[in-house]
Structure formats: C-alpha cells, structure tokens
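The values are calculated or read from the model by the stated rules, or taken from the named source; none is laboratory data. As the structure is a computational prediction, the values presented were derived from the model and not from experiment. Glycine also receives a Cβ, built like all others from the backbone with ideal geometry; neighbour counts cover every protein chain displayed. For the accessible areas, the whole protein counts, side chains as well, though only heavy atoms, and no ligand, DNA or RNA atoms are used. Shrake-Rupley method; radii C 1.70, N 1.55, O 1.52, S 1.80 Å.
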Amino acid sequence: MNTLAQMMAQRGERLREDKPVEKEEIKSWSKPLENTVNVRFRLSIKLGGVFTVSLSSSTQKRAWILDPSGDWYYTWLNIMVLPITYNWVILICRACFTDLQYHYLSVWLSLDYLCDFLYVLDIIANFHTGFLEEGILVTHRGHIAKKYMLSSKFRWDVLSVLPTDFLYLKFGIHTPLVRINRFLRFQRLFEAFDRTETRIPYPNAFRICKLMAYIFVVINWNSCIYFALSSYVGFGKDEWVYPNITDPEFGRLGRQYLYSFYFSTLILTTVGDIPAPMQEEEYIFMVVDFLIAVLGFATIMGSMSSVISNMNSADEAFYPNYDLVKLYLKMYKVNRTVKKKVIAWHQHLQINKKLTNENKILQNLPEKLRVEVAVSVHMPTLSKVQIFQHCEKSLLEELVLKLKPQVYSPGEYVCKKGDIGREMYIIKEGKLAVVADDGVTQFAVLGEGNYFGEISILNIKGNTSGNRRTANIKSIGYSDLFCLSKEDLTDVLTQYPDAKAILEEKGREILLKMNKLDERLAAELAGKQEELEEKLKKMERNLDSLQTKLARLLAELESSAAKMLQRVKRLEWEISLWEEEPREQPKDDDGAE
C-alpha cells in the first residue's frame, strides 16, 4: 500500500510539472481550427434558435444567417408556397381562358411582379442560409455563397427569374405563357411540404390534403388544355368540345371554367358519360387523359393505402394489439366476465389516449433527448413524492426513465395486505381507495399526486412490517399510475450513495411517524452490519497479505526454477565434454599395446 501511495504521489508531481506543457499542446491543437470554416467566427449568438449573428475576429462585421432548421427559415418556405402555387395554377388559366387575362390584366401584372419580387428575395435568402459541415452550422457568407452557386439549385433559381417578360414586346401583353419559366421553382414547394410533414402533429392528414392539392392541379391543367383544344377545333363544332360561346349561358367566364373542370374530372376519374370524340385531336387528348387517369388512380390508391398503413402502424406502436388479445381469449374460452373487463380496458386506452409502452416508443431517441422528454412529461409527478424531494437532479433524471405507466380498471386491486412489496406507485390520474379486507369499507381515498409503497422498496433496518403490504388498495374508477420497481431503484442508487443515505433517513422518519420502526432492532441490525463490514475489511486485508505472500512464493519458485535450469544445463555441458575426450590406452614395456 505504501508503494502504491508513493507511485500515485510521483504521478501527481509529474502531472503538475507537465501542466504548462499541456496548455501549450492544447493551444497548438486549437490553432488549426481557427482557420477552418466551422470556427472562423469566434462569437456565435443564437437568436431564438433561428438567426445566427456571427462576429469575425478580423473584420468584426455582422452577418445575418438563416438556420435551415429554424422557425424563420420554415416561415419563409411557407411564404414561398404562395407565389409558386399562383404561377402553377393561375398562369395556365390566363393562357387558355383569354377573357380571364383581358378582364383582370392590371391585377395579374401586379401579382406577377410581386411573385417575381419574392423569387428574387428567395435567392437572397439562399445566399444567407447556412449549411451543416461536420455537424456544425457554417455561417461564413463566402462559403455559403460558393456552395449555393455551385449547386444545381442555383441554376434552376436563376432560370426561374430570367426577365422573359420582355417577350411581351414581341407577342403582346396578353400572352402570359412568356412567363412559363416561373414553373421551375417547384423544388421549393416540395421542400416546404417535407418540412411541414415533420413539424405538424397530424402528418397523415397533411399527406391526404397534399394529395388532393396535386389532384386539383392536374385537373386544373387538364381543364385549361381542354378549353384551349375546344377553341382550336371550334366551339360547338361537335358534342365533345365546349359549346358555342356565342350562347350567353356558355359565354360567361365562370361557366367556361366550371364546365371544363367538370368535363376533365369525368375523364380523369373514368366515371364515363362522356361524348365520343370526333376529331383526331380529340382522340389524342382522350388517350392521353385515360393514361393519366390510370396512373393517377394507381398513385391515389397507393398513397391512400400508405397513409392508412402508417396510421395503423402508429396505433399499434401506441396501443397494444387488441386483435391478438381477442384471439387468445377465444382460443382458451375465457369466461364472459373477464372478456368484458378486457374489452373495457382496451376501450379506455383508445378513447382516452392512454399509453402503456412509452419507453418502447421513445427507444430510438438518443439517451439525452429521451431523458429531456421524460423529464418534461413526468418530472412534476415524481417531484411530488416526499422521499425524492431535495434529491439531486441527475438522480431524478435517471429515475424518471424507470417509471412504467400502468392503467387499472374500476374495482381492480393494485395491492393487497400481506403481498410482498416489489414496487412503489405514484398516482397520476384517478382515485384509489384504501379498503378493509371485505373490499367495501373505505378508510381513505387517494387522489392525483399521492403515492404509496415507497417504504417497501427501501431496505430500512427496523421496519416491523418488513417488505409486506400493510393495506388493501383498490381502484375506484380508471386510474393511471406510475410504477417504480425495487430493482430499478437499487440500480440507480448504487451510483448515488449519498442519495441512498438521504432516502433511507427520510424513510426512517416516515416509519417513526407511523410507529413502525423498531429502533432497538435497527440498532442491532446496524451493529451486525458494521460487524460484517469490519469482518469484510479484515478479510480484504488478509486477502491482500495472502496475495503478497503468494506473489513472493511465485517469485522464489521462478528464481529456484531458473537456478535449477542453469545447473542442469551446466551438468549437460560437462557430460558432453567427458564424452568427447579420447580414452588413453595403457602401454607395456616393449611399447606394444
């Protein structure tokens, strides 16, 4: 132990000596970052999570940058929906229904150039919209402009605002088709729709509305082309084309559009009751429309089935699958009374939007974000529990993830006297009664914010009731409870020993008020625990000593083995020398062998 203390002290001295060096290293690490795009601006201030005001260390100029995930950017996208929709719907109507163009020319010109102004503002907004690089919002205007100008989006945006209105000088002021390039800004519309789907609480309803809007645009275009084709063939020339506009009833502008829209709807919905075409142009128009109708019908059916499937999958994620439960009850012939209870429980969940699997729904969120969601939803309820008041925030945040929602039906027992207590309950909504053994006599009524069973999940020494329930608690109506198990609380408290001591102290105070704490027994148990802890410490010290002795024995054994190996090698070497020496033969007096 002394050697370990000396090693730690030496390490601390080295760290204090190396501290200036570490600061220099940190400075050298941070220097390259100042030249990068992501941290070129030293000061970045968020204004409501929308705009970013950046101050450069060299120029000190202010740059107003839109955050692409902020509210202002989303608002601007919704504003851009208006001019794009105007061009896609009104421009074709003005080109085909000439009376519409002639009668309201000043209105259309004003709206046209207002839309052009918004298109130009949109380009300017793109030059001030940041982008993410390595997860960090880039706010340098030069890099933003470079990225935007090198993208295909910039080319489409420029083409959509080209001043093709000068063609009015050649074709006349009543030819709005010279502005057909305004259609090229459609990608902004799709971007706005995608953002809206992720933001609104009812995305499936929005998808249906979006599909209906697409259908309306297709029918609108088809009706305009039909009227233009009727004008080309001749109004009233046959039964298929639009009737003669010299008739006052069919000469009105409103009647022209509504008749064409109705006729196009009949074709594209394949309802029938359409006059047979007479001219070649009419046949071509009908063939193209029938092909569009087939594709449109398949698209509509696929989209609607996808929306319904998404709604069903969402319901399955929120609520248990009742069909499987019904099949189970039917297979095992469960009695009618239990079936009614199960049906009533499922109906309560569906009608009142009660959730029983919140943790499964939020499991794909990052842990920190899941904690924030759980804290915002359940922290007010958990903070009402007396034993958890004044606990540190991090402990409550971990506990809030352990809460499991449970729904009890009318007349259902939450716990009974004598049961082993493994959970505590917090009442979120509903009424529970503390009843006698007969199940009728009520001693008390618990409401929202009350809790019970908290003592049973804390191992408090001297508790005369042990971990047994001391009362019968029954739900009066439908009750929503939060359940916290003993195992979950123990797992959390192992990381917070101070909080554990505080909770046990509060639990003892509650038991004292209830006259259910035997202080003598608590003292004996505390003494036994201290004795066990002392024995455990002694065993740890003995174990350390034995480990040290074992290490010495192993070292001596290794040394003896090494010496023995050396001796064996030496003996082998000596024996090999003896075997190599030539044997000397003895000689007689005559010199013969």
Accessible-area order (highest first, 1.4 angstrom probe) of the listed residues His128, His346:
His128, His346
At a probe radius of 1.4 Å, what is the per-residue accessible area of Thr548, in Å² to the nearest 10?
70 Å²
Counting only protein heavy atoms and leaving out ligands, DNA and RNA, the solvent-accessible surface of Cys93 at a 1.4 Å probe, in Å² to the nearest 10, equals 10 Å²
In nanometres, what is the gap between the two model label sites at His103 and Asn515, each 7 Å from Cα along Cα-to-Cβ?
9.3 nm
Take the Cα pairs of the stretch 179-233, get the Kirkwood Rh, then feed it into Stokes-Einstein at 4 °C and 1.567 mPa s and tell me D in µm²/s.
97 µm²/s
Hey, can you grab everything whose amide H is under 5 Å from the amide H of Thr470? Only 5+ residues off in sequence or another chain; H modelled, so Pro and N-termini drop out.
Gly418
Can you grab the distance from the C-alpha centre of the stretch 239-256 to the C-alpha centre of the stretch 159-194, Å, no decimals?
29 Å
Val138 long-range amide H proximity, modeled H, under 5 Å:
Phe131, Leu132, Glu133
At 1.4 Å probe size, with no ligands or nucleic acids counted, give the accessible surface of Trp88 in Å², nearest ten.
80 Å²
For Leu446, other-chain or 5+-apart residues with amide H closer than 5 Å (H placed, Pro excluded) are Leu432, Ala433, Val434
Under the rule rounded for a/c under 1.5, else prolate if a/b exceeds b/c, else oblate, using alpha carbon gyration tensor axes a ≥ b ≥ c, the stretch 160-282 is classed as oblate
Please work out how much length the chain gains when fully extended from Trp72 to Asn450, using 0.36 nm per residue of separation minus the C-alpha to C-alpha distance, in nm with one decimal.
131.7 nm
Suppose every K and R has +1 on its Cβ and every D and E has -1 on its Cβ; what is the size of the dipole of the stretch 393-545 about the Cα centre, in Debye to the nearest 20?
300 debye
Using a 1.4 Å probe, what is the accessible area per residue for the stretch 124-187, in Å²?
58 Å²
Links exceeding 26 Å between C-alpha atoms in this model, out of Lys393/Lys516; Lys368/Lys486; Lys428/Lys486; Lys393/Lys528, come to Lys393/Lys516; Lys393/Lys528
Backbone HN-Hα couplings from phi across the stretch 159-165 [Karplus 6.51/-1.76/1.60, Hz, Gly and Pro as x]:
4, 6, 10, 4, x, 6, 5
